[in-house]
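Notes for the one structure printed next.
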Amino acid sequence: MTLTPLDWIIIVVYLAGCLFAGLAMRRYVRGVEDFAIAGREMDVNLGIASLAATEMGLVTIMYTAQLGFEKGLAGASIGVLMALAFWVVGRTGFIIAPLRTAGVMTIPELFEKRFHKRVRWLAGLFVVLGGLLNMGIFLRLGGEFLVWCTGMPPSWLEWVMTVLLGLVLLYTALGGMLSVLVTDYLQFLVMGVGIVVTSVLVLINVGGFDLITSLQDAWAGHAGMKLNAHPFNPFDGSSLGWGYLLWMLLLQFAAATTWQTVISRVLAARDADTAKRMYRRTAFYFVGRFLLPGLWGAAAFVYFAKQGGLPEGITSLTAMPYYLGLILPVGLIGIVIAAMLAAEMSTDSGYLLTWATVIYNDLITPCLKNPLSPRGRLLLTRMLVLGIGVFLLFYGLWYELPGNAWDYLAVTGNIYLASVFTLLVAGLYWPRATARGAYAALIMGAIGPITFLLIGKQYAIPPEVAGAAAFGLAALGMIFGSLSSPRPASQC
């Protein structure tokens with residue numbers, strides 16, 4: 001084991017503090033609105049911390065480090081596109097301003113007002129499907145980090161995943177969004193310190209700017225391992241390429257305006273102006289979100305290239321945590337792991353709450369003849385959080401990734417991002433949009449991503465093809481479906 005008693009003390013104290021803070025929020029939860037969107041009283045600063053913490057999970061660190069290992073510093077270009085998308089949306093209020101003004105609890109709820117109750121239900125189904133499949137690998141990647149960074153036996157992976165999930169479920173199911181916001185704030189502080197300190201030590205270990213020379217040598221084939229992608233030019237055909245980056249740009253605008261865990265912060269904000277300011281001030285953070293862990297992955301590549309190759313059993317996904325376990329000193333590794341646990345718990349809690357809210361609000365509620373009592377609604381939502389946790393635990397044990405982790409996450413998110421983004425744009429800005437167009441967009445937009453997940457590995461389908469096809473098909477479905485049906489009643 002890499003960890004010493006001092007490291008374990010740091011980790012346990014931190015986990016106990018987070019658990020206590022999260023459970024303390026239980027007494028303020030009076031109903032589903034408090035549970036799901038914190039009574040719509042979130043201010044800008046808390047929103048920044050919560051959004052940044054939720055969108056910087058341990059899974060984020062794992063897939064960005066894998067991009068750094070495989071693509072060098074060019075992988076961080078995705079973070080630049082993400083920052084651009086958030087800044088533009090925050091500046092203009094595109095989609096998020098009218099969405100917050102509408103006073104809904106979830107995105108699909110808006111579609112009932114604009115289209116039809118069945119559109120709301122189908123959209124909720126795709127949101128949940130894409131969200132749960134996306135989140136399905138979170139626990140495994142978090143467990144992989146802890147196992148390889150701490151030196152635990154690989155056979156402990158499933159137990160590590162189970163313990164992590166149990167802690168998050170406990171305070172999320174009881175305190176809801178209030179617990180998530182409070183623990184997000186704590187996790188944001190710990191995670192920020194851990195990431196910055198680790199980045200400094202990684203740069204020291206690889207000789208600072210010698211990292212650039214080492215990556216160039218690896219690209220030229222003059223190192224122990226050959227880097228097969230240009231480490232600095234994301235537009236190069238060996239790296240990400242133009243087609244992939246164009247898909248990423250479209251995907252980031254869709255995620256900024258449609259990804260339900262992000263939008264839940266918009267809906268919890270005091271007003272639309274608060275949401276816009278939160279986006280603008282958080283935008284720069286997404287560059288570091290990709291750059292710093294990507295730096296760790298690139299440094300791991302350089303380190304193992306100098307050693308002559310990866311140790312047995314280590315892959316591009318697990319190279320970074322194994323590398324950190326080798327270079328971080330006693331005490332500091334405990335702080336870093338506490339920071340990584342902060343990232344994991346923050347993301348998992350936010351995602352669990354989000355998908356449970358969508359299931360309750362958009363799949364179950366529209367089917368009920370008689371509304372549940374306030375106590376019944378709160379109990380049902382808490383049970384859904386627990387049920388999702390059980391699904392994630394078992395899904396994470398058996399699913400095999402058809403490529404790298406980021407491509408999987410982007411494509412599974414695309415199952416609903418493309419179609420729901422199309423519905424939002426059309427529903428808010430195109431008066432001619434109809435329910436028939438909405439149905440067509442939802443179904444056609446899911447074809448590409450689902451095909452990739454089912455047969456992408458066997459037939460080597462590029463993820464950018466599946467992702468771009470989803471947006472194109474969703475737009476065609478909305479346009480032709482709407483034009484082939486009668487005008488909305490308001491226009492007749």
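Just so it is clear, none of the values below were taken in a lab; they were calculated from the coordinates. Because the structure is a prediction, the values reported are computed rather than measured. Cβ placement follows ideal geometry from the backbone for every residue including glycine, while neighbour counts extend to all protein chains displayed.
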Which of the peptides 259-265, 206-212 is most tightly packed, and how do the rest follow, going by the mean number of other Cβ atoms within 10 Å of each residue?
259-265, 206-212
Run the simple label-point estimate for L368 and R432 please: 7 Å along Cα→C-beta, distance reported in nm.
4.0
How much length is gained if the chain between R118 and A16 is pulled fully straight, taking 0.36 nm per residue apart and subtracting their Cα-Cα distance, in nm to one decimal?
32.3 nm
With labels modelled as points extended 7 Å from the Cα through the Cβ direction, what inter-label distance (nm, one decimal) is found for V330 paired with W159?
2.4
Quick check: pseudo-label points 7 Å beyond the Cα along Cα→Cβ at L379 and A220, how many nm apart are they?
7.1
Show me, for segment 197-213, the HN-Hα J-couplings you get by feeding each phi into the Karplus relation (A = 6.51, B = -1.76, C = 1.60, θ = phi - 60°), rounded to Hz, glycine and proline as x.
4, 4, 4, 4, 5, 5, 5, 4, 4, 9, x, x, 6, 4, 4, 5, 4
Show me, for segment 126-133, the HN-Hα J-couplings you get by feeding each phi into the Karplus relation (A = 6.51, B = -1.76, C = 1.60, θ = phi - 60°), rounded to Hz, glycine and proline as x.
5, 4, 5, 4, x, x, 5, 5
Potential extension, S485-L246 segment - 0.36 nm per residue separation minus Cα distance:
82.8 nm
Here segment 57-66 yields Karplus 3J(HN,Hα) values (6.51, -1.76, 1.60; θ = phi - 60°; whole Hz; Gly and Pro given as x) of x, 4, 4, 4, 5, 5, 6, 6, 5, 5
Extension reserve of the S238-L476 stretch, reckoned as 0.36 nm per residue once the Cα distance is removed:
82.5 nm
The residues Y408, Y279, Y63, sorted from fewest to most surrounding Cβ atoms within 10 Å, come out as Y408, Y63, Y279
Residues of type lysines that K306 reaches as a straight line, Cα spacing below 17 Å, ignoring anything fewer than 8 places off in the same chain
K226
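Can you give the FRET efficiency for T315 and T101, using 1/(1 + (r/R0)^6), R0 = 35 Å, r = Cβ-Cβ distance, to the nearest 0.05?
Computed FRET efficiency for T315 and T101: 0.15.
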Could you pull out every one of the lysines with an alpha carbon less than 23 Å from that of K117, ignoring same-chain neighbours closer than 8 positions?
K369
